[in-house]
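Trainee: Got a structure for you, written out below as structure tokens; questions coming shortly.
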Amino acid sequence: MSAGDGVARAGAPVRATAAGALTLAAFFDGVRAGRLVVQRCLTCRALAVPPKAVCQECEALTWEPAPLDGEGEVTSFTVIHVAPGRLVGEAPYPIAVVRMTEGVSLLGRMVDTALDAIRVGLPVRFAPPTDPTADPPVITFRPR
Ligand SMILES: [Zn+2]
């Protein structure tokens with residue numbers, strides 16, 4: 001084994017050399033364009049988002065892009081009353097953890113939803129961000 005093979009050892013930095021892994025920039029470019037593309041491990045088929053070099057399931061380093069169908073359901077949510085920076089004027093607004101049909105979960109903002117209508121199990125669909133110029137773009141969901 002040599003340095004850079006992804007194996008941790010005392011005194012040596014861990015540096016994975018992944019093949020086919022998405023960059024975070026590429027992931028957000030997809031979000032901005034209205035596409036959810038994550039990455040799939042070529043060894044064990046596990047999905048990963050956000051993009052990463054090493055598979056958390058099998059430690060493999062080879063990936064392929066995996067487009068999601070955009071549908072999922074709310075598994076957790078909260079309402080933001082004290083918003084950061086650029087979002088101050090938009091509070092209160094809901095954010096939710098959504099388990100996608102394919103099994104991975106994403107944190108996103110709920111739109112077109114009354115605050116008291118959001119519940120665990122609510123079926124939702126990914127939607128292009130309302131502000132495509134935001135960097136990074138806000139992952140957005142609406143009820144379906
Ligand atoms: Zn794997």
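Trainee: With Cβ to Cβ distances under 11 Å as the rule, what net charge do the other residues near GLU102 carry (K, R +1; D, E -1)?
Mentor: Local charge sum for GLU102: +1.
Trainee: Counting Lys +1, Arg +1, Asp -1, Glu -1, what net charge surrounds GLY20 among other residues with beta carbon under 15 Å of its beta carbon?
Mentor: +2
Trainee: Next up: Shape of region 71-143 from its Cα gyration tensor (a ≥ b ≥ c, root eigenvalues): rounded if a/c is under 1.5, otherwise prolate when a/b > b/c, or oblate? The partial results should precede the final answer.
Mentor: Working: a/c = 1.97, a/b = 1.33, b/c = 1.48.
Oblate, because a/c is 1.5 or more while a/b does not exceed b/c.
Trainee: Okay, next question. Whole Å is fine, so just give me how far the alpha carbon centre of region 100-141 lies from that of region 27-59.
Mentor: 18 Å
Trainee: Moving on. Translational D (Stokes-Einstein, µm²/s) of region 102-144 at 25 °C and 0.890 mPa s when Rh comes from the Kirkwood sum over C-alpha pairs?
Mentor: Using the Kirkwood radius from Cα pairs, D works out to 217 µm²/s.
Trainee: Summing +1 for each Lys or Arg and -1 for each Asp or Glu, what net charge is found among the other residues whose Cβ lies under 13 Å from the Cβ of PRO136? List each step's numbers first, then the result.
Mentor: On the way: positive: ARG32, ARG86, ARG109; negative: ASP29, ASP131, ASP135.
The answer is 0.
Trainee: Next question, about the same structure. Express in nm, to one decimal, how much length is gained between ASP69 and ASP112 on full extension, taking 0.36 nm for each residue of separation and deducting their alpha carbon distance.
Mentor: 13.5 nm
Trainee: Take the Cα coordinates of the chain, assign each an equal point scatterer, and use the Debye formula without solvent to give log10 I(q)/I(0) at q = 0.09, 0.10, 0.14, 0.20 Å⁻¹.
Mentor: -0.34, -0.42, -0.73, -1.15
Trainee: More than 16 angstrom separation, counting every C-alpha pair in region 24-67; what % is that?
Mentor: Cα-Cα pairs of region 24-67 separated by over 16 Å account for 31 percent.
Values in this text are rule-based calculations from the coordinates and carry no lab data. Small disclaimer: the values here were computed from a predicted structure and weren't measured. Cβ sites come from the backbone with ideal geometry, for glycine too, and all protein chains shown count toward neighbours.
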